[in-house]
Amino acid sequence: MKGHIDTDFDRGHIWHPYTSMRDPLPVYPVARASGVTIELEDGRKLVDGMSSWWAAVHGYNHPVLNHAVTRQLDSMSHVMFGGLTHEPAVKLAGQLIELTPEPLQKVFFSDSGSVSVEVAIKMALQYWQAAGLSRKRRLLTVRSGYHGDTFGAMSVCDPDTGMHSLFTGMLAEQLFAEAPQCGFDAAWNENGIEDLHQKLRQHHEAVAAVIIEPVVQGAGGMRFYSPHYLIRLRELCDEYGVLLIFDEIATGFGRTGKMFALEHAGVVPDIMCVGKALTGGYMTLAATLAADHVADTISSAEPGLFMHGPTFMANPLACSVASASIDLLCSRDWEQEVQDIQGALQDGLSPCSRFSGVHDVRVLGAIGVVELCQPVDMAAVQNFFVERGAWVRPFGRLIYLMPPFIISPSEMVILTRAVRDAVRLIAS
Ligand SMILES: *Cc1c(COP(=O)(O)O)cnc(C)c1O
């Protein structure tokens, strides 16, 4: 029977992420979502294993977050941020400054993670222009990274799994070092950063900044690496006079077991991007934080202005719900929640490592990854999970879980059992 949502129209007219318009993979119509449950139009209920791509840390339809949006709606949903300001933006900026390391004191709000990365890149470029070193305009990064889909962000995504070959000649040519090789818990070995060190030695006069996702490389391969890498990276950036940008868009707000992944290393970047879970997954909002010296330098030379200003900058609805989401997170024992999820992921996923088609099983905080030897058949695996009452969306060779922090132990069992069953089917 046909539901209310016209999936034929959807198929014929609406682009979904990274899909073909001629032969799109099936999409499942959702009627509502609440707590950790996504309810399909046909009544099937799925336990959410994805947090809608790192974002919905409190689950869906949370009364506190709903209230924040509706309360704000009563006073104003939006006003331009040029020449005006408002309580939601001022409050949220204060919270972000409080929550992040002390040197990060300046906040630039934008619409999405990708845009916050563009803003970070622009800050780094304007910084060196203002400092009279405009030849420093390339970025150095590591392979297997992901920083978003706009042009500046794409230019620092992994050159093989990213979109470089599609847009050669249009993308800025950045410098790539080997991805961090030293595992999260592995003993540190200086060889682990030698390639990046070498690139800095050779190119530092042309490099504006190093950009990296701290500790967890997300969409570029779900890789975890040693926090010690970041300690050495900070030292090298200082030694060679290069700014350091941390992209915490995926890792921020507790996902790795710390409020921000940089806390695993105790390292402070010059510029930092947050997004995704910033609004608890309610709507799109991101922020780029900068240290005083970055803002002061940009402001000290002509034109003295930082040249960016999105139409919906600091949208009051988004800022209000972000404020409420941060308060909500801090009001709960989220560290314990994430630790419990980590334990459940370890227990539930580690049996997968005995299958011959499994390359690696790894868990950090509320992130669990089963890396297979071969890419999965997305449509088939997706359907398998839906049949088992789980919302899990693999990509490439990766089947992974990153559930909302409010998930219960029995819901965790539904997710990990479904993953084990899927892996047994495809990889034994
Ligand atoms: C998702 C993501 C982005 C891009 O954010 P959008 O909101 O999708 O533009 C950038 N960096 C990292 C690390 C991400 O995970």
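On full extension, the segment bounded by residue 346 and residue 383 gains 10.9 nm, given 0.36 nm per residue less the C-alpha separation. Structural descriptor for the chain: relative contact order 21 percent, calculated from alpha carbon pairs under 8 angstrom and at least 6 residues apart. As a proxy for reagent exposure, 231, 121, 14, 326 were ordered by neighbouring Cβ count within 10 angstrom, fewest first; the result is 14, 231, 326, 121.
If the cut-off is a Cα-Cα distance under 18 Å, which lysines reach residue 258, setting aside same-chain residues fewer than 8 apart in sequence? Result set, ordered by chain and number: 276. Dipole of the chain computed with +1 at Lys/Arg Cβ and -1 at Asp/Glu Cβ about the Cα centre; of 110, 73, 351, farthest Cα towards the positive end is 351.
Each peptide in 199-207, 267-275, 372-380 gets a packing score, the mean of other Cβ atoms within 10 Å over its residues, and the list from highest to lowest is 267-275, 199-207, 372-380. The Cα atoms of region 35-158 give a gyration tensor whose axes a ≥ b ≥ c have a/c of 1.5 or more with a/b no greater than b/c, which makes the shape oblate. Think of each Lys and Arg Cβ as +1 and each Asp and Glu Cβ as -1; about the Cα centre, that makes the dipole of the chain roughly 560 debye.
Among 256-264, 129-137, 346-354, sorting by the average number of other beta carbon atoms lying within 10 angstrom of each residue, highest first, gives 256-264, 346-354, 129-137. The residue among 366, 293, 274 whose Cα reaches farthest toward the positive pole of the charge dipole of region 243-366, with charges on the beta-carbon of Lys, Arg, Asp and Glu, is 366. Region 364-423 and region 205-284 have their alpha-carbon centroids 25 Å apart.
Among 317, 305, sorting on how many other beta-carbon atoms sit within 10 Å of each Cβ, with the fewest leading, yields 305, 317. Each Lys and Arg Cβ is given +1 and each Asp and Glu Cβ -1; about its Cα centre, region 1-96 then shows a dipole of about 160 debye. When peptides 395-402, 158-165 are sorted by average Cβ neighbour count within 10 Å, with the highest value leading, the order is 395-402, 158-165.
Approximating the spin labels as points 7 Å out from Cα along Cα→Cβ, the residue 27-to-residue 332 distance works out to 2.8 nm.
R0 = 30 Å: FRET efficiency of residue 77 with residue 307, Cβ-based, nearest 0.05?
In this case the efficiency is close to 0.65.
Here the sum of -39500 (n - 2.57) over DSSP H runs of 4 or more residues, divided by the residues of the chain, equals -11000 deg cm²/dmol at 222 nm, to the nearest 500.
Find how many whole Å separate the alpha carbon centroid of region 296-331 from the alpha carbon centroid of region 41-118. Centre-to-centre distance over Cα atoms comes out at 11 Å. For residue 135 and residue 44, the FRET efficiency from 1/(1 + (r/R0)^6), where r spans their Cβ atoms and R0 equals 56 Å, is about 0.45.
Here, each number is a calculation from the coordinates, and none is a lab measurement. Every value quoted in this text rests on a predicted model; they were computed, and no experiment measured them. So basically every Cβ, Gly included, is an ideal-geometry build from the backbone, and we count neighbours across all protein chains shown.
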